[in-house]
Amino acid sequence: MILARHADALFWVGRYLERTEATVRCLDYAANSIIHLRSDEARVEIEQLVKTLGLESVAAPLGSVAGRRQLFAFLLSDTANPGSVLSAVSAVRERLRSTRERIPIELWEEANGLYLRFREFGDTELPPDRLHETLLMVRRACLAISGVLNEGMRRDEGYEFIVLGRMIERSVFTVGLLTASYSDPRGTVDATRILRLTSSLQAYHRRYGHAPDPEGVVRYLLAGTDLPRSLQSCLLRAEGSLAGISALDRSRRRAGLLRARLELGEIEEAMAQEPLPVLSELHWDLAELASEIAAGVVPPLGFPTASSRYLRPGGTQPLAGGRPVRLDP
Amino acid sequence: MADSLPKPGGGLLDGYEPGRGFDEAFESDGSARSVYRRIVERFGELDADEARRLERLVADEFRRQGITFTVYSEEEGTERIWPIDLFPRLISALEWDELERGLTQRVAALNCFLADLYSGEGAAIADGIVPRWLVVSSGGFERNAMGIAVPHGAHCNIAGIDVVRDDAGRYRVLEDNLRNPSGISYVIENRAAMAKACSWLFYDHAVQPVEQYGRMLRSALESMAPGGQESPHVVVLTPGIFNAAYFEHAFLARSMGVELVEGRDLVVDDGAVYARTIEGLIAVDVIYRRIDDAFLDPVAFRPDSTLGVPGLLGALRAGTVSVCNALGNGVADDKAVYPYVPDLIRYYLGDEPIIDNVFTYVMWDPDQRAEALGRLDELVVKPVGESGGYGVLIGPHASDEELEAARRAIDADPRNWIVQEVVQLSSLPSFTQERLEPRHVDLRPFVLTGERTEVFPGGLTRVAMRRGSLIVNSSQGGGSKDTWVLTPEYS
């Protein structure tokens, strides 16, 4: 049994955790790559990263995120940016705090510790020489959190909702990255960059043993069965989590259909013709899946009506005739 | 027999002078009381640097776990790390036995009083033990609770009884807390932190464990299920993450293995309470609520409450759910009713109180009022409707203007005040960042009642951080101490 409010909070814990990791990867990549670029090149790279993270609409009203220092501040500690690492870490902490009784103590301690270490910087801008140290600290904390989740958390609905959130967010990031790469104003799809931004370069080399080419990389990121970040792997895990949640049966079918299309090569085939429309459709499908999960989780508002579902032995039935029978949670 | 006071060179206890009133650790001649002898020796071996290091270890542990409390009087409500002093309070098995019996007796009488009152019988009132006008004028008296069936007559399922020790070392009850007493989570976390940072302190003692509280509480709450059903669905109801005691609410739900719900997670339909889950609505049998009566049900009480559950009172009346502590307990822990508790013990149980009250003047009695007003500068003035130490005036520390203002306030509304003799709270060595000095302490033991009554070993020892201060409330800058109840062979 899981409260609808808890399910919603833990789903978003998963999403924000994954978002934290993705943003840190982008920052890490930017910190290493931008130093080799001219300022006009750096500007394009920065715009691409902001686009990959889906933050164009947030960045635009804030003015220029053109410089590298602004980019780091914007992605790392800007509380006005809901996608910054600090915002995501705060969101994780807040949601874990409101579900504290059902998560492992260590999970809360790690998330709270990460937040407190971040707050130590206060409102001052992070000194550039501490960027790597900070990114390393966040990465390690994320790994510790993943460790507690995998090894210390009961495999109940709460766990499945965290996994579900992570898989959805990871899929959205991968598709966002591919979309940004295929619409790169520099006119080329940088396969190595894509692999670096998904921490998949080493895996790709081990699997294929040759220099990455765009088609191969896209194929690997969409349907690589040995890559935990591939879209197919993410959907498979999401399906697994959804299998234990009967209220989200419809979402499980949607995830399954999407995965089957990847598995059968249908999407890869279409990508070879016109990549951008296919990616756009994938993005749409994932957004639909996410909102369907959210709608299935959100508690009904106000008083129950005749259509409210009561838990009865044998499954859920509409309220009609007689009192609902209690079922031990 | 007391042993001689160890005088280790450079130790934290060098130059220690027992405080005013009863010093729990030392005899008046400066020698350590036998129960504290080994702890005193251990602290004599510490220096200030080491003690500061240990304190930091404990504070870091609390910070990491987010063990904080909120001080509302400060701007915007500040989150503070829970303060704990390293020097523990020790209670011998013999002493504990008496306390345990006294507390059980007191809570039993208070439960009898509430059951008597809200069943509509009102025997204690009819027999003149407590004045009717006093009861019905109490802010804690809840007419809506009349006639609601409470399993086992257990209205106070979780009681926190504040006790102090007078000059002679006798325990006395200072205050009853029968609505939503908080602090138990800090008792357990204090022990966990002390065991990590100062495990060596425990080596010479056998201390009763405290981690069983969740099991005890769950069993008491389960026994409150309507109809005595097996495996009832228990939840903890919290106002939410912005409440000062949210940490405790989450702690309790976790240690019992039950859900922590907010008002919006529950719904009442057809006279029963349900939790909104992703699978639909699931019936709830017992609600351990950490929300005051007035906010529980916006239909029956404050309509502006967004914390409660609309229709909950109806479900209570229908007998489909139990709310713990019961509705309307505030009448029994009203400070104006407190002076009558010893008589209630005699009336319901036929026994003499094992733990006395602090001597209290009731201001609605003209003779007692005249006597108290004549020597207000020697007494403590308390408003009956406040808690947490707010509004308390300590006569010997008050200015003439403050005393005059108190006199006027008492004359204007005698029902609203009680006046007590100053109890020079007992003291214990406490770390001042340089050395150990005496600081005043009180004790809040917790008494759980369901089908039967159990006293949780120890309780929350609160300590005043300033020398000579009698204010121990954490909201007013007080700290806490780990409280050890020793097993018989070590006492």
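Relative to the longest principal Cα axis of chain A, at what angle does helix A:231-243 sit, 0 to 90 degrees, rounded to 10?
It works out to around 20 degrees.
Would you mind giving the mean number of other chain beta-carbons within 10 Å of the Cβ of each residue in A:239-250, as a whole number?
For peptide A:239-250, the averaged partner shielding equals 1.
Do any residues of the range B:276-293 lose at least 10 Å² of accessible area when the full set of protein chains is present rather than just their chain alone, and if so which, with a 1.4 Å probe?
Residues of the range B:276-293 that lose at least 10 Å² of accessible area once the other chains are added: B:Arg276, B:Thr277, B:Ile278, B:Glu279, B:Gly280, B:Leu281, B:Ile282, B:Ala283, B:Asp285.
Enter the per residue convex hull volume of the range B:344-491, computed from alpha-carbon coordinates, in Å³ rounded to the nearest integer.
Hull volume normalised by residue count: 168 Å³.
Can you give me the orientation-averaged projected area of the convex hull built on the Cα atoms of the range A:47-118, in nm²?
For the range A:47-118, averaging the hull's shadow over all directions gives 5.4 nm².
Taking the Cα atoms of the range B:218-310 alone, what are Rg (to one decimal) and Dmax (as a whole number) in Å?
Using the Cα atoms of the range B:218-310, the pair Rg, Dmax is 13.0, 36 Å.
Show me the ranking of peptides A:257-264, B:88-95, A:79-86, A:205-212 by mean Cβ neighbours inside 10 Å, starting with the highest.
B:88-95, A:79-86, A:257-264, A:205-212
Once both labels are modelled 7 Å past Cα along the beta-carbon direction, what's the B:Gln229-B:Glu451 spacing in nm?
1.7
Which distance in nm do the two modelled labels at A:Leu276 and A:His36 give, with both placed 7 Å along the Cα-to-Cβ direction?
2.8
Compute the long axis of helix A:39-52 from its Cα atoms, compare it with the longest principal axis of the Cα atoms of chain A, and write down the angle in degrees, 0 to 90, nearest 10.
10
Semi-axes, largest first, in whole Å: what does sqrt of 5 times each Cα gyration tensor eigenvalue give for the protein assembly as shown?
Ellipsoid half-lengths, sorted descending, are 57, 34, 23 Å.
Over all alpha-carbon pairs of the range B:228-380, lay out the pair-distance distribution in 10 Å bins, whole %, shortest bin first.
Percent of pairs per bin, in order: 10, 29, 24, 20, 13, 4, 0.
Largest first, how would B:Arg179, B:Arg415, B:Arg264 line up by accessible area (1.4 Å probe)?
I get B:Arg264, B:Arg179, B:Arg415, largest accessible area first.
Give me the mean projected area, in nm² to one decimal, of the convex hull enclosing the Cα positions of the range B:299-364.
Taking a quarter of the hull surface, the average projection is 7.3 nm².
So how many Lys-Lys pairs in chain B land under 28 Å Cα to Cα, not counting same-chain pairs under 8 apart?
6
Which percent of Cα pairs goes in each bin when the distances of the range B:248-300 are cut into 5 angstrom slices starting at zero?
Histogramming the range B:248-300 at 5 Å steps yields 4, 16, 27, 27, 18, 7, 1 percent.
Starting with the highest mean, order B:366-377, A:136-147, B:35-46 by the number of other Cβ atoms within 10 Å, averaged over the residues of each peptide.
B:35-46, A:136-147, B:366-377
Averaged over B:261-273, how many beta carbons belonging to a partner chain fall within 10 Å of each residue's beta carbon?
3
Run the quick spin-label model on B:Ser137 and B:Glu50: label points 7 Å from Cα toward the beta carbon, then report their separation in nm to one decimal.
Placing both labels 7 Å along Cα→Cβ, they lie 6.0 nm apart.
Between the alpha-carbon centers of the range B:207-283 and the range A:131-184, tell me the distance in whole angstrom.
Cα centroid to Cα centroid, the span is 31 Å.
Please give the FRET efficiency for B:Glu352 paired with A:His132, using the beta carbon to beta carbon distance and R0 = 51 Å, rounded to the nearest 0.05.
0.10
Can you give the mean number of other chain Cβ atoms that lie within 10 Å of the Cβ atoms in peptide A:96-106?
So the per-residue partner count for this stretch is 5.
Show me the ranking of peptides A:90-101, A:186-197 by mean Cβ neighbours inside 10 Å, starting with the highest.
A:90-101, A:186-197
Based on Cα positions only, what radius of gyration and what Dmax would you give for chain A, in angstroms?
Reported Rg and Dmax, both Å: 21.1, 74.
To the nearest 0.05, how large is the calculated FRET efficiency for A:Ser183 and A:Glu94 if R₀ is 41 Å and r is the Cβ-Cβ distance?
E between A:Ser183 and A:Glu94, to the nearest 0.05, is 0.75.
How far is helix B:184-197 tilted, in degrees, relative to the longest principal axis of the Cα atoms in chain B, given as a value from 0 to 90 rounded to the nearest 10?
Around 30 degrees separate the two axes.
When the chain is fully extended, how far beyond the present Cα-Cα distance does B:Thr432 get from B:Glu17, taking 0.36 nm per residue of separation?
Computed gain between B:Thr432 and B:Glu17 is 148.0 nm.
The values are calculated or read from the model by the stated rules, or taken from the named source; none is laboratory data. Keep in mind that this is a model prediction, so the values were computed, not measured. As a convention, Cβ positions derive from the backbone with ideal geometry for all residues, glycine included, and neighbour counts pool all protein chains shown. For accessibility, only protein heavy atoms count, side chains too; no ligands or nucleic acids. Shrake-Rupley method; radii C 1.70, N 1.55, O 1.52, S 1.80 Å.
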